[in-house]
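The values are calculated or read from the model by the stated rules, or taken from the named source; none is laboratory data. None of these values were measured; they are calculated from a predicted model. Virtual Cβ from ideal backbone geometry, glycine too; neighbours counted across all protein chains shown. When the accessible area is computed, the model is the full protein with side chains, heavy atoms only, and any ligands, DNA or RNA have been set aside. Shrake-Rupley method; radii C 1.70, N 1.55, O 1.52, S 1.80 Å.
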Amino acid sequence: MKFLYRRIITYIIVLFAVINITFFLPRFAPGNAADIIAGATRLPNEASKIIATRFGLDQPLSTQYFDFLKNVFLTWPPYLGVSYNYFPATVTQLFAVRVGWTMLLILASIGVGEFVTYFMAAFSAMRRGGKFEIGSLYSSIMFNSIPLFWLSMILLYVFSIVLGWFPIFGATGFSPGSGVNYYLDVIWHAVLPVAALSLSVIGESFLIMRGSMQEVLKSDYVLAAKSRGLSNWILSSRYVLRNSMLPLVAVISFSLASLISREVLVEVIFGYPGIGDLLVDAILGRDFPVLQGSLLLTTIMVIAGGIVGDIILTRLDPRLKK
Amino acid sequence: MASIKPKRGVVSRFLVSKAAKFGAAIIIVIVGFILLGPFFIHTKPDAVSGLPNRPPSPAHPFGTDYQGHDVMSQVVFGAYPTLIWGLIAAIGATALGFVAGLFGGYYGRLEVLVSGATDVVLSFPSLILLITVGAIFEASDWLIAVVLILILWATGARAIRAQVSSVKNFAYVDAAKTSGLTDWQIVWRIIAPEVGSIAIAYFVLIVSVSIVLAAGVEFLGVGNLSEVSWGSILYFAQQYGFFAGDWWWVLAPGLLLALTAMGFALIGFSFEEILNPRLRK
C-alpha cells in the first residue's frame, strides 16, 4: 500500500498548499478587497469600512484564517465568499450551476481521446515502423505541442463561422427542447470543444502508450507468443495492449491537472458555460473570490480524479499493493 | 557497460533523426524570418499603417488589425518577447530541475523530499495557478516567468532523478568513491556530465511548453498586454476581430506559435528517444 499512501500524502500537501495560496494571495495583493468593491461601485470611503467589517477583513489575520478554514471544510455547502461581479450570489452558487458542464467536457474528452488512442496504439503495434505508426507519431507530437486555444479557434472558425455546422457558443441553444431533443442539442454543442480537447488527449497519451508498448514488445512473453504463431491482431490486442494499459490509466490520473488547465482555455473559445468561462470573466472583472474559488475547486477535481485513478491502478497492478 | 551504448533498430533511428531534422528545419526558418524580418519591415508594430480590419494584401501580407496596425510587423516584433521570456523560463526551470534531480537522486535523504515535491507540482492545475497569481498581482513578464519556472521544473527533475539513482550504482562511481573523491565532487564531476544530455532534452521540451503556456495566459488577458507579443496579439484578435471573421489576425501569430512549439517538441522528442534508458535495450 506504499503507493497509495504516497499518493494520498501528495494530495494532502497539494490541498494544503492551494488552501494557503487561496487565502494569502489576495491578502498580499495590492489594495484590499473592501477598497476594490467600494471602488468598483464608487462608494464613499466609509462604505469600504462597512464592507471590511461585513466580510471580516478588519479581524486579525489568524482569526480570518480559521474562519476561512471553517467556511471551506465545516460549512455545507462550502462558503468561498461572495462574487464581486454577481454580487448577491456566492461563489459556491455560481460553481454549482457550472461545474456539470466542465465535468461533461472533461469526461467526454477523456473517453473519446483514450478510445482513439487505444486503437491507434493497437494498429501501430501491429506494424512497427509502418506509415500508420509514423503518421500517428507525428500527429501526436503536433497535437501535444501546438497551443490548444489556437487550434480551438481554427476549428471554431472553419466549422462554426464559415461552414455553420456547429453552434458558435453555449452548451445548449436558447430553446433546447426536452427529452431526446435536449440531449441531442447538448451533444451538438459539445462536439467541437470535445473534439479539440480529445485531440490534445490523444497527443499526450499516444506518446506515452507508444513508449510503454516498445518495452512490452521487447519482453519474452511477446516473443514466445509470436513464436507460437499467434496472429498480429491477437498479439497486439491481448498481449501487448493489455500490458500497456497500466501506463494509460496512470497517464489519465497524472495528466488530469494539465487537462483541466487546457479545458479552461477551450471553454473560453467556445463560450462554454463552465468553470473556465467564469474564471475568465473573473480575470476581466477582478473578481478575486471567484478566482480563488476556481483554483480551489479545480484542485479538488484533480485530486478526486487522481484518487479514482490511483485506486484503479492498484487494482490493475497488484505490485503496487505491496 | 554495454547497456550504455544505444543499440537501436534501423526504423526508429531513421524516425528519430528525421523528426529532429524536421524540427530543426522549422526552428531555423522561423528564427531566420524573425531575425531578418526587421530589416525589411519598416512599419512599427504599433503604427497605424493602413485601413483597419483588411485581409492580406501586397502592402500588408498578413492583413491589418482593428486599429490598422500591420499584422506582419506585429508578428515579427512580437516574436521577441514571446521567445525570450519562454527561453528565460525554460533555462530557469531546467536549472532548478537539474540541481533538484542531481541531489535528489544522489542523496538518499533528499530523495523523498525531491520526489514528493515533483509529485505535488505535477498534480497542480498549473495554468489556473498561473492565471490566479497573474490576475491578482497584475503580472509583469518577470512574475509570469518565475511562476512558470516553479511549475515546469518538475518533469525534468523527475527524469534526471531517476537516471541519477541508476547511474550512482555503477562501478565507476564506486571507483571514484574509493579513490577519495567527496560526494560533492562525485555529483558534479562524475554524475552531472552523465545526465547533462537528459537535461538538454528536457530543456528543449520545456521551451516548447513554456512558450505555449505564457501565450495561453496572455491570451486570457493575464500578463503584460501593453507589449506586443504573440499571446497579446491573439488576445486582441479574440476580443476585437475573430468573431467578425478576421481570420488573418489569428492565423499568422497562432501558426508561428504552433510551429515554434512543434519544432522544439520534435527536437526534444528525438533527444528523449535517443537518451531514454528504457528504450536503450
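Points worth noting:
- Residue in the stretch B:236-245 that is open to solvent by less than 20 Å² (accessible area, probe 1.4 Å), over 19 Å from the mean Cα position of the chain (by Cα) and closer than 21 Å to A:ARG262 by Cα present: yes
- Every residue from the stretch A:162-198 that is open to solvent by 50 Å² or more (accessible area, probe 1.4 Å) and either among the β-branched types (Val, Ile, Thr) or closer than 18 Å to A:ILE110 by Cβ (or both): A:VAL162, A:ILE168, A:VAL180, A:ILE187, A:VAL191
- Residue within the stretch A:140-151 that is part of a loop (DSSP other than H, G, I, E, B), open to solvent by less than 50 Å² (accessible area, probe 1.4 Å) and within 14 Å of chain B (Cβ to nearest Cβ) present: yes
- Lone qualifier among B:GLY97, B:GLY104, B:GLY92 - being more than 13 Å from chain A (Cβ to nearest Cβ), within 18 Å of the chain's Cα centre (by Cα), closer than 24 Å to B:PHE203 by Cβ and crowded, with 22+ Cβ neighbours inside 10 Å: B:GLY97
- Residues of the stretch B:183-228 classified as within 13 Å of chain A (Cβ to nearest Cβ) and not hydrophobic (A, V, I, L, M, F, W, C), total: 6
- Cβ-Cβ under 7 Å pairs, at least 6 apart or on other chains, the stretch B:67-94 side assigned to a loop (DSSP other than H, G, I, E, B), far side open to solvent by 10 Å² or more (accessible area, probe 1.4 Å) and modelled with pLDDT under 90: B:GLN67/B:VAL48; B:GLN67/B:PRO52; B:GLY68/B:VAL48; B:GLY68/B:SER49; B:GLY68/B:GLY50; B:GLY68/B:LEU51; B:GLY68/B:PRO52
- Out of B:ARG189, B:ARG158, sole residue that is of a type in the set (Lys, Arg) and buried (at least 17 other Cβ atoms within 10 Å of the Cβ): B:ARG158
- Looking only at residues in the stretch B:137-148 that are of a type outside the set (Gly, Ala, Ser) and surrounded by fewer than 21 Cβ atoms within 10 Å (Cβ to Cβ), the one that is modelled with the highest pLDDT is B:VAL146.
- Taking the criterion of being under 23 Å from B:SER17 (Cβ atoms) and more than 12 Å from chain B (Cβ to nearest Cβ), the residues of the stretch A:125-135 that qualify are A:ALA125, A:PHE132.
- Residue within the stretch A:168-178 that is part of a helix (DSSP H, G or I) and in contact with a Leu (Cβ under 9 Å, 6 or more places away or on another chain) present: no
- Meets criteria (more than 14 Å from chain A (Cβ to nearest Cβ) and at pLDDT below 90) for B:PRO45: yes
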